[in-house]
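Pasting a structure here, questions to come.
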Amino acid sequence: MDILTTDEMVRADQLTIAAGTPGFKLMRAAGRAVADVAGELAEEGAILVVAGRGNNGGDGFVAAAELAAQGRDVSVILLCDRATLKGDAALAAKGWKGEVLPCDPSLIGQPALIIDALFGAGLNRPVKGDPLIMIDAINAAGVPVLAVDLPSGINGDSGAVMGGAIRATETVTFFRPKPGHLLVPGRVHCGRLRVIDIGIDEDVLAEIRPQTFENNPDLWADAFPVPKINSHKFSRGHAVVVSGDIASTGAARLSARAALRGGAGLVTVASPRDALAVNAAALTAVMVRPVDTAAEFAALIGGKVSACVIGPGAGVGERTRMFVEAILATKRHTVLDADALTSFAGAPEQLFGLIKASPESGVVLTPHEGEFLRIFSKVDVEHPALSKLERVRLAAQESGAIVLLKGPDTVVASPDGRAAISANAPPWLATAGSGDVLAGIIGALLAQGVPAYEAACIGVWMHGEAGSEAGPGLIAEDLTEVLPAVFRRLYDQLGIQY
């Protein structure tokens, strides 16, 4: 699904209104949708609407009037003087025939549900004063909260908490989600998210041309690799994973096994000779080749190799840098993770130059936050206030690679401006080796000819689904074992016979 920034959502509203739909009609549809969800969350008992002065407050007034018409016990607290309301919000307030209570936290009481209609997605400065006191009081009330558009205090573009923010049970937004719904901490504050149609025509997207998307199968279904009946192991690609020395072999094996489970026809671990016996003893379907020097490595990947994964347990230093140079010189599709990134921490421009020198190669960088800071410090120094989404976008443009910044809200960005945010990662993926498995899955997709941006998006989604399939208590080894179940579910979803 497309994700719209706050400015893009304003543009969607403007285009809809210009095409003949009155703004107040959109507000009525939004408010009635809020009332419907409120009725589901609180089938009985009192409902309190806390409204602000803008259109978000107008949605709240419409919801209050709709609920009252259904016979519900509804109260409204207004953050400002009713006489100061303007435009559609003022029209909505006229439709509310009940009392409007002043902005006094002591009036919250213990309703069955609070509807948060204080601030919408356009909030761009810290909350303070009476609004912050009201937000804190709502959070302290200990009752379910339904947020309208976004929990008040959350920035719609970054997901940042602007001084203080509502902790909602559910959030209702309209037409399309915004980055702040998926980026942490906004996603945590939203609770369950519902995206509801209020009459905005999808044709407006053709003019807006959004570049941000939620990472799910709708985004990359056409690129997903499905073996044909006449496929064989060579047609499904050969992936090579680089191992570190004898004390650091486990990460490469996790990646290699994930690459094999992920669909690569053949997988080879390029192992230092001192670790050859360890790797060979622990691997069966994955092949092992002795490789100590960059020349030996170049000879290996110069053959029928489709993709390489380097970084997990590879070691930080000159050997890893030389191997990366060899990979990029042969223009193989590549995943650079962990130690491969840290090895260039002192000279990131060197790495970026190598990547840009072979633009036809699909290169995916998969840092966690610490590794991102090591190689993209320029982005954070020059743009300290950017959201995670925009940081990753800039990093992709600077490096010339697909950049995947891991986390509960993993962002994948391409140098051409496309970006995807993931929201399907369970918390138990935060365990040692999990990222090594992700690198291997992406390597498998690259080996099968999937373009780098789509390979990164598919890999992240499958990784999250595997985490949910394995469940609490998972260790990294479990992720590869549940991948067949993830494939089966995805095949069913996409209507693929197997």
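From LEU67, LEU15, grab the single residue that is crowded, with 17+ Cβ neighbours inside 10 Å and either touching a Phe, Trp or Tyr at 6+ places or on another chain (Cβ under 9 Å) or closer than 22 Å to GLY156 by Cβ (or both).
One residue alone meets the criteria, LEU15.
Among the candidates ARG32, ARG53, ARG28, single out the residue that is within 15 Å of ASP149 (Cα to Cα), open to solvent by 20 Å² or more (accessible area, probe 1.4 Å) and touching a Cys at 6+ places or on another chain (Cβ under 9 Å).
ARG53 is the lone residue from the list that is within 15 Å of ASP149 (Cα to Cα), open to solvent by 20 Å² or more (accessible area, probe 1.4 Å) and touching a Cys at 6+ places or on another chain (Cβ under 9 Å).
Name the helices (runs of 4 or more DSSP H) wholly inside the range 380-498 in which the number of residues that are open to solvent by 30 Å² or more (accessible area, probe 1.4 Å) is 1 or more.
Helices (runs of 4 or more DSSP H) meeting the threshold: 388-399, 452-470, 476-494.
Listed here are the residues, each with its yes/no results for (1) without any contact (Cβ under 8 Å) to a residue 24 or more places away in the chain; (2) of a type in the set (Ser, Thr, Tyr); (3) more than 30 Å from ILE3 (Cα to Cα).
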position	(1), (2), (3)
PRO217	no, no, no
PHE224	no, no, no
PRO227	no, no, yes
LYS233	no, no, yes
GLY244	no, no, yes
ALA247	yes, no, yes
ALA252	no, no, yes
ALA256	no, no, yes
ALA259	no, no, yes
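Related question: Quick one: what pairs do we get from the range 90-113, first residue part of a loop (DSSP other than H, G, I, E, B), second of a type in the set (Phe, Trp, Tyr), C-beta under 6 Å, 6+ apart or different chains?
That search, which allows pairs on different chains as well, returns TRP96/PHE61.
Still on this model: Here are THR212, THR249, THR268: which of them is at pLDDT 95 or above, crowded, with 16+ Cβ neighbours inside 10 Å and either basic (Lys, Arg) or in contact with an Asp or Glu (Cβ under 8 Å, 6 or more places away or on another chain) (or both)?
Exactly one residue qualifies, and that residue is THR212.
Give just the number: which of (1) within 30 Å of ALA423 (Cα to Cα); (2) not in a helix (DSSP H, G or I) does THR21 not satisfy?
Against the list (1) within 30 Å of ALA423 (Cα to Cα); (2) not in a helix (DSSP H, G or I), THR21 comes up short only on (1).
Here is a follow-up. Working only within the range 405-438, note down all residues that are among the aliphatic types (A, V, I, L, M) and more than 16 Å from ASP2 (Cβ to Cβ).
Within the range 405-438, LEU405, ALA425, LEU429, ALA430, ALA432, VAL437, LEU438 meet the criteria.
Considering only the range 132-184, state which residues are in a loop (DSSP other than H, G, I, E, B) and of a type in the set (Phe, Trp, Tyr).
PHE175
Return the residue satisfying two criteria in turn: it lies in the range 465-482 and is under 20 Å from ALA423 (Cβ atoms) and among the hydrophobic types (A, V, I, L, M, F, W, C), and of such residues it is nearest to the chain's Cα centre (by Cα).
Among those that are under 20 Å from ALA423 (Cβ atoms) and among the hydrophobic types (A, V, I, L, M, F, W, C), it is ALA466.
Next question, about the same structure. I'm checking my understanding of the structure. Among residues of the range 349-379 that are open to solvent by less than 40 Å² (accessible area, probe 1.4 Å) and in contact (Cβ under 8 Å) with a residue 40 or more places away in the chain, which one is nearest to SER422 (Cα to Cα)?
In this case the residue turns out to be THR366.
Checking the conditions here, which among ASP104, ASP81 is among the acidic types (Asp, Glu), touching a strand residue (DSSP E or B) at 6+ places or on another chain (Cβ under 8 Å) and surrounded by fewer than 20 Cβ atoms within 10 Å (Cβ to Cβ)?
Unique residue meeting the criteria: ASP104.
Listed residues TYR453, TYR491; which is among the aromatic types (Phe, Trp, Tyr) and either more than 16 Å from the chain's Cα centre (by Cα) or at pLDDT below 95 (or both)?
That would be TYR491, the only listed residue that is among the aromatic types (Phe, Trp, Tyr) and either more than 16 Å from the chain's Cα centre (by Cα) or at pLDDT below 95 (or both).
Here are some residues: LYS331, LYS378. Which one is at pLDDT below 95 and either in contact with a Ser or Thr (Cβ under 6 Å, 6 or more places away or on another chain) or of a type in the set (Phe, Trp, Tyr) (or both)?
LYS331
Within the range 283-339, take every residue that is outside any loop (DSSP other than H, G, I, E, B) and among the charged types (D, E, K, R) and give me the one that is surrounded by the most Cβ atoms within 10 Å (Cβ to Cβ).
Filtering the range 283-339 for residues that are outside any loop (DSSP other than H, G, I, E, B) and among the charged types (D, E, K, R), the one surrounded by the most Cβ atoms within 10 Å (Cβ to Cβ) comes out as ASP339.
Next question. Restricting the search to the range 107-135, which residues are crowded, with 16+ Cβ neighbours inside 10 Å and among the charged types (D, E, K, R)?
ASP116
Kindly list the number of the only condition in (1) touching a residue at least 60 places away in the same chain (Cβ under 8 Å); (2) among the hydrophobic types (A, V, I, L, M, F, W, C); (3) closer than 23 Å to GLN110 by Cβ that fails for ALA30.
(3)
Consider PRO179 carefully, then state whether it is over 24 Å from the mean Cα position of the chain (by Cα), buried (at least 21 other Cβ atoms within 10 Å of the Cβ) and more than 19 Å from ILE198 (Cβ to Cβ).
Against the criterion (over 24 Å from the mean Cα position of the chain (by Cα), buried (at least 21 other Cβ atoms within 10 Å of the Cβ) and more than 19 Å from ILE198 (Cβ to Cβ)), PRO179 does not qualify.
Also, quick follow-up: Among the residues of the range 114-143, what is the count of those that are touching a residue at least 60 places away in the same chain (Cβ under 8 Å) and out of contact with any Asp or Glu (no Cβ under 8 Å at 6 or more places or on another chain)?
8
The values are calculated or read from the model by the stated rules, or taken from the named source; none is laboratory data. If you're wondering where the values come from, they're calculated on a predicted model, not measured in any experiment. Ideal geometry is used to build each Cβ from the backbone, glycine not excepted, and the neighbour counts take in all protein chains shown. Please note that ligands, DNA and RNA were not included when accessible areas were found on the heavy atoms of the full protein model with its side chains. Shrake-Rupley method; radii C 1.70, N 1.55, O 1.52, S 1.80 Å.
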